[in-house]
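Every number here is computed from the coordinates shown, using simple stated rules; none is lab data. What you see is a predicted model, and the numbers here were worked out from it, not measured in a lab. Quick reminder, even Gly has a Cβ in these numbers, built from the backbone with ideal geometry, and neighbours come from all protein chains shown.
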Amino acid sequence: MEGFAPVTPYSVCAIGNSHTAMFAKAWKSQLEQELPGVSITFFGANSQKLSHLIYEDGAFTAHDKELADGFAMTSGGLTRAEIAAYDAFLLIGLGLRITVTSLCGPYGTVQQRAWGPVDTLVSEAVFAAMVEGALKEPQPFWILEKIRSVGKQPVLLCATPFRSDKEASWSFTRKNRRFADDNFRGKVIAQCQEIGSALALRNGGEFVWQDESTISLPGFTKAEYAQGALRLGKAELEDGLHMNADFGKIALTRALTRLDEISGGRVFGSDEERARKRA
């Protein structure tokens, strides 16, 4: 089935991989009833199926049957996301992640040497280019480019969660003392997020990073959010990478809060409207 999402005062299109499940569950079970003036249409599928996503005539769609079926399941029957039909876009997961070891490896700047030994020194410009190269995943930035080619709606890039803190004792922390140091990881992650945010802005989007309340150690998510984790079309699991609906609520609320700021209160309403609802 093709078509437009239902018309509401503020409509959001969410396109994402398996991490979309926690957003969709949180929306349906916890947030939708609180925000009657907002609709979110989810176009979700696993990463392999999403490789068949195409853009044509101002819309993202699927000629591949498996991807079309996945979209129909998550969107309520739609297989085509018309850019003009939405007020804002969320790009969920899609490989957008900060992994300290893969971003840095043996490389570091003079500034980072203050937090621990650096095997190979690189300039700040080279380090920034390395981070940008790791964060600029082809698919989400391609989606962003296509949206920008026809529209000015806000596009938020929702980063993949950090892994569960049950995995904080991974072997890399033993092999490289820098990564075992919480302070070092925190500093590098903050630096990478700053670089990533600038990258997104230059391309007409905006990163939404993981909420601090869900983080236990720098670079790791509290284990409670990995319990009963959700993936599209799969039973609940705990794989250390996917998160549950409680995490999804925090992440989605963070994104919606930013859209509320951008739109001048169209998501949560005015102070007077919120007061009336509380009464």
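Assorted remarks:
- Extension gain (nm, one decimal) between TRP115 and LYS166, 0.36 nm per residue minus Cα-Cα: 15.9 nm
- The stretch between ILE54 and ALA72 holds 4.9 nm of extra length on full extension. This uses 0.36 nm per residue minus the Cα-Cα distance.
- Axis of helix 65-75 versus longest Cα principal axis of the chain: the two differ by about 80°, to the nearest ten degrees.
- Label corresponding to percent of Cα pairs over 25 Å apart when calculated from the structure given, among (i) 49; (ii) 67; (iii) 52: (i)
- Average Cα contact separation per residue, the chain, under 8 Å, 6 or more apart, as relative contact order %: 22 percent
- Label-point separation in nm, GLU236 to ASP211, each point 7 Å along Cα→Cβ: 1.9 nm
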